[in-house]
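Peer 1: Before anything else, here's the structure in question.
The values are calculated or read from the model by the stated rules, or taken from the named source; none is laboratory data. Since we're looking at a predicted model, the values are computed, not measured. Note that each Cβ is placed from the backbone with ideal geometry, even for glycine, and that neighbours are counted across all protein chains shown.
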Amino acid sequence: MAKSYQEINEKIARGEAVVVTAEEVIGIVKERGVKEAADYVDVVTTATFGPMCSSGAFLNFGHSDPPIRMGEISLNGVSAYGGLAAVDTYLGATQPSTDKGIEYGGAHVISDLIAGKEVHLVAKSQGTDCYPRTELDTWVTLEDLNEAYLFNPRNVYQNYNAAINGSSHRLYTYMGILQPNMGNITYSTAGELSPLLNDPLLKTIGMGTRIFFGGAQGYVSWMGTQFNTACPRDEKGYPQTPGATLALIGNMKEMNSKYIRGAVYEGYGTSMFVGVGIPIPILNEEIMAFVAVENKDLYTNVIDYSVPKKAKPVLKKVSYAELRSGSVDINGKNIKTSPLSSLKMAREIAEELNNWIKKGEFFLQEPIQSFPMGNSLKGLEIKEGESR
Amino acid sequence: MMTKKILLSFPQKAAGQPMAMELIKTYHLDFNILKAFIDDNIKGTLLLEIKGEEADIEAGIVYLRQHQIGVRDIESVVEVDPDKCVSCGACTAVCAVGALEMTADWSLVHHDDKCLECMLCVKACPMRAIHALI
């Protein structure tokens, strides 16, 4: 029997909703079958906690006296964008600091702000009639700011490549350190617990979906950048390569620095670990069947990151069950596999979201608009000629 | 006979004294120098694997401490800070000897007795939760 968002929310309000994680639901579906399980379960919680570079924060500092129109802005030595209104800025997660480089970047500033730490704000300006101040040097905390919200343009990739290194020298990548001569394989996913792999055709996740975001209640605000719903899929519809992505928004003042952490990838740059949990309402049997997916049925490609081209060679198609087993056989060689995103933390987030819903603190929001299917990726053509 | 790993830290004034000779001659200890390092302030660090009778090892350590040398029992030269570690697994990708590995519930575990001190995990850790003692 089909359920509506409203019916599920009423059950949540009465404390009667059956809420389980995307790992727990697998056993329930095996035991009871899709039909009965769809009647029994109301919400399935999914989660992920991994590096998501395309992240950052909008901040408003409030006006000093006399006021300044901030042009060059830095927070703990990390440059923030000065092309918005007087005291608005966007701080990108991957921006390195001038003194510590990638060891301390935008993501670390964001995490420190969320942790309640004081941050050193330095700003410069030309000075104008309405904004006469030309320099500013002070300390701010998150509480001091008017608004502070994360707006991450691309998070929670639906699926992602596994990485290997076919060259004879060590590689330092956003997929971690890759040992030469196919010494190891790295992968980054929550697999069967991953939000978008549990809703492969985006039947319930769309613009306006309420989510767990860094410990706060946030929202899906748009499709993520490089949104690729035209990706190759298996016969059931699960993406086999990087697919959909989400743009997320949430109030930093309600977040917990445990779930938003600065990260450093040696030789590559700064990134941010972002904790995201997305509830999937079990509206019907089709959605129930999708969330029952297991790691053995989810596939990705092992890609050779030593090829310095956009199109890198695929060495093997593997399931997440194989990657999670600790090793994968490639051309007769047993190669060690290692994760890059934390399944342990993802499980904690799925549990936390589960508790919010069970306690009636979190209600489902039906998307106000679905995302397009069949959306493909464009590359960037390098065009010759100085003027056109 | 027993074997143990100790990390010695020499203050500036202790540098240049023949401590190692004493350990061999007086306390009959065998040792293997695993790592040695002297910084810009002439402070020295020495990682030793020592072998000998338990009483001799203890007496040797007392001797070193009497000469203002810091002695610390360790298994591994790297430490994982549990408050910073999120169990992502990035360090396990480079640990060829399985000193860092994921448990069945996907927590990171550090088998420090297996560590060969390659220190690659220090670089691989995105949380900078692994630091080297030397």
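Peer 1: Would you mind listing the strands (runs of 3 or more DSSP E) fully within region A:174-227 where at least 2 residues are under 13 Å from the mean Cα position of the chain (by Cα) and buried (at least 22 other Cβ atoms within 10 Å of the Cβ)?
Peer 2: Once the strands (runs of 3 or more DSSP E) in region A:174-227 are filtered for at least 2 residues that are under 13 Å from the mean Cα position of the chain (by Cα) and buried (at least 22 other Cβ atoms within 10 Å of the Cβ), what remains is A:210-213, A:216-223.
Peer 1: Can I ask one more? Go through (1) of a type in the set (S, T, N, Q); (2) within 27 Å of A:Ile368 (Cα to Cα); (3) not in a loop (DSSP other than H, G, I, E, B) for A:Gln158 and report which single condition fails.
Peer 2: (3)
The rows are residues; the columns are (1) surrounded by fewer than 21 Cβ atoms within 10 Å (Cβ to Cβ); (2) under 24 Å from the mean Cα position of the chain (by Cα).
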{"site": "A:Lys3", "(1), (2)": "yes, no"}
{"site": "A:Val19", "(1), (2)": "no, yes"}
{"site": "A:Ile26", "(1), (2)": "yes, yes"}
{"site": "A:Thr45", "(1), (2)": "no, yes"}
{"site": "A:Ile68", "(1), (2)": "no, no"}
{"site": "A:Tyr90", "(1), (2)": "yes, yes"}
{"site": "A:Pro96", "(1), (2)": "yes, yes"}
{"site": "A:Lys100", "(1), (2)": "yes, no"}
{"site": "A:Ile110", "(1), (2)": "no, yes"}
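Peer 1: Scan region A:248-275 residue by residue and report those that are hydrophobic (A, V, I, L, M, F, W, C), closer than 15 Å to A:Ala107 by Cα and in a strand (DSSP E or B).
Peer 2: A:Ile260, A:Ala263, A:Val264, A:Met272, A:Phe273, A:Val274
Peer 1: Within the bounds of region A:43-52, is there any residue that is without any contact (Cβ under 8 Å) to a residue 60 or more places away in the chain, more than 30 Å from A:Gly127 (Cβ to Cβ) and in the same structural domain as A:Leu283 (by TED's automatic domain parsing)? If you could, list the steps in order and put the result at the bottom.
Peer 2: Going through region A:43-52, the residues without any contact (Cβ under 8 Å) to a residue 60 or more places away in the chain turn out to be none.
Scanning region A:43-52 turns up no residue that is without any contact (Cβ under 8 Å) to a residue 60 or more places away in the chain, more than 30 Å from A:Gly127 (Cβ to Cβ) and in the same structural domain as A:Leu283 (by TED's automatic domain parsing).
Peer 1: Go through (1) touching a residue at least 60 places away in the same chain (Cβ under 8 Å); (2) out of contact with any Ser or Thr (no Cβ under 9 Å at 6 or more places or on another chain); (3) over 28 Å from A:Leu283 (Cα atoms) one by one and return the number of the condition A:Val328 breaks.
Peer 2: Of the numbered conditions (1) touching a residue at least 60 places away in the same chain (Cβ under 8 Å); (2) out of contact with any Ser or Thr (no Cβ under 9 Å at 6 or more places or on another chain); (3) over 28 Å from A:Leu283 (Cα atoms), the odd one out for A:Val328 is (2).
Peer 1: A:Lys309 - would you say it is surrounded by fewer than 14 Cβ atoms within 10 Å (Cβ to Cβ) and either assigned by TED's automatic domain parsing to the domain that holds A:Val156 or touching a residue at least 24 places away in the same chain (Cβ under 8 Å) (or both)?
Peer 2: Yes, satisfied.
Peer 1: Related question: Of all the residues that make up region A:259-270, how many are hydroxyl-bearing (Ser, Thr, Tyr), more than 7 Å from chain B (Cβ to nearest Cβ) and touching a Ser or Thr at 6+ places or on another chain (Cβ under 7 Å)?
Peer 2: 2
Peer 1: If you check A:Leu136, A:Leu150, which single one turns out to be in contact with a Ser or Thr (Cβ under 8 Å, 6 or more places away or on another chain) and either over 25 Å from A:Val274 (Cβ atoms) or not in a strand (DSSP E or B) (or both)? Before the answer, list the steps.
Peer 2: On the way: A:Leu150 fails: either over 25 Å from A:Val274 (Cβ atoms) or not in a strand (DSSP E or B) (or both).
Of A:Leu136, A:Leu150, the one residue that is in contact with a Ser or Thr (Cβ under 8 Å, 6 or more places away or on another chain) and either over 25 Å from A:Val274 (Cβ atoms) or not in a strand (DSSP E or B) (or both) is A:Leu136.
Peer 1: So which of B:Glu58, B:Glu101, B:Glu22 ends up being in the same structural domain as B:Ile6 (by TED's automatic domain parsing), farther than 17 Å from B:Ala132 by Cβ and surrounded by 14 or more Cβ atoms within 10 Å (Cβ to Cβ)?
Peer 2: B:Glu22
Peer 1: Of all residues in region A:47-62, how many are surrounded by fewer than 24 Cβ atoms within 10 Å (Cβ to Cβ) and within 14 Å of chain B (Cβ to nearest Cβ)?
Peer 2: Matching residues across region A:47-62 total 1.
Peer 1: Count, please, the residues in region B:112-133 that happen to be more than 7 Å from every other protein chain (Cβ to nearest Cβ), outside any helix (DSSP H, G or I) and at pLDDT 95 or above.
Peer 2: 3
Peer 1: Among (1) closer than 27 Å to A:Met52 by Cβ; (2) part of a strand (DSSP E or B); (3) of a type outside the set (S, T, N, Q), where does A:Ala123 come up short?
Peer 2: All conditions are met except number (1).
Peer 1: State yes or no: is A:Asn256 within 30 Å of B:Asp83 (Cβ to Cβ), more than 17 Å from the chain's Cα centre (by Cα) and within 14 Å of another protein chain (Cβ to nearest Cβ)?
Peer 2: On the way: within 30 Å of B:Asp83 (Cβ to Cβ): yes; more than 17 Å from the chain's Cα centre (by Cα): no; within 14 Å of another protein chain (Cβ to nearest Cβ): yes.
For A:Asn256, the condition - within 30 Å of B:Asp83 (Cβ to Cβ), more than 17 Å from the chain's Cα centre (by Cα) and within 14 Å of another protein chain (Cβ to nearest Cβ) - is not met.
Peer 1: I'm trying to understand the selection: among the residues of region B:22-39, which are over 20 Å from the mean Cα position of the chain (by Cα), on the phi < 0 side of the Ramachandran plot and not β-branched (Val, Ile, Thr)?
Peer 2: B:Glu22, B:Lys25, B:Tyr27
Peer 1: Among the candidates A:Ser387, A:Ser325, A:Ser319, A:Ser341, which residue alone is under 22 Å from A:Gly191 (Cα atoms) and loosely packed, with under 15 Cβ neighbours inside 10 Å?
Peer 2: Just one listed residue meets the conditions, A:Ser325.
Peer 1: What are the residue pairs meeting all of these: first residue in region A:154-166, first residue farther than 29 Å from A:Ala57 by Cα, second residue acidic (Asp, Glu), Cβ atoms under 6 Å, and 6 or more apart or on different chains?
Peer 2: A:Ile164/A:Asp304; A:Gly166/A:Asp304
Peer 1: Could you say which residue among A:Leu377, A:Leu343, A:Leu353 is modelled with pLDDT under 95 and under 22 Å from the mean Cα position of the chain (by Cα)?
Peer 2: Residue meeting the stated conditions: A:Leu377.
Peer 1: Considering each residue of region B:80-98, count those that are in contact with a helix residue (DSSP H, G or I) (Cβ under 7 Å, 6 or more places away or on another chain), surrounded by 14 or more Cβ atoms within 10 Å (Cβ to Cβ) and in a loop (DSSP other than H, G, I, E, B), and give that number.
Peer 2: So the count comes out to 4.
Peer 1: Here's something else I'd like to know. Please verify whether region A:108-118 includes one or more residues that are among the β-branched types (Val, Ile, Thr) and assigned to a loop (DSSP other than H, G, I, E, B).
Peer 2: To start, the set of residues in region A:108-118 that are among the β-branched types (Val, Ile, Thr) comprises A:109-110, A:114.
Narrowing the set further to residues that are assigned to a loop (DSSP other than H, G, I, E, B) leaves none.
No.
Peer 1: Out of curiosity, is A:Ala244 assigned to a loop (DSSP other than H, G, I, E, B), crowded, with 24+ Cβ neighbours inside 10 Å, on the phi < 0 side of the Ramachandran plot and modelled with pLDDT of 95 or more?
Peer 2: Answer is yes for this residue.
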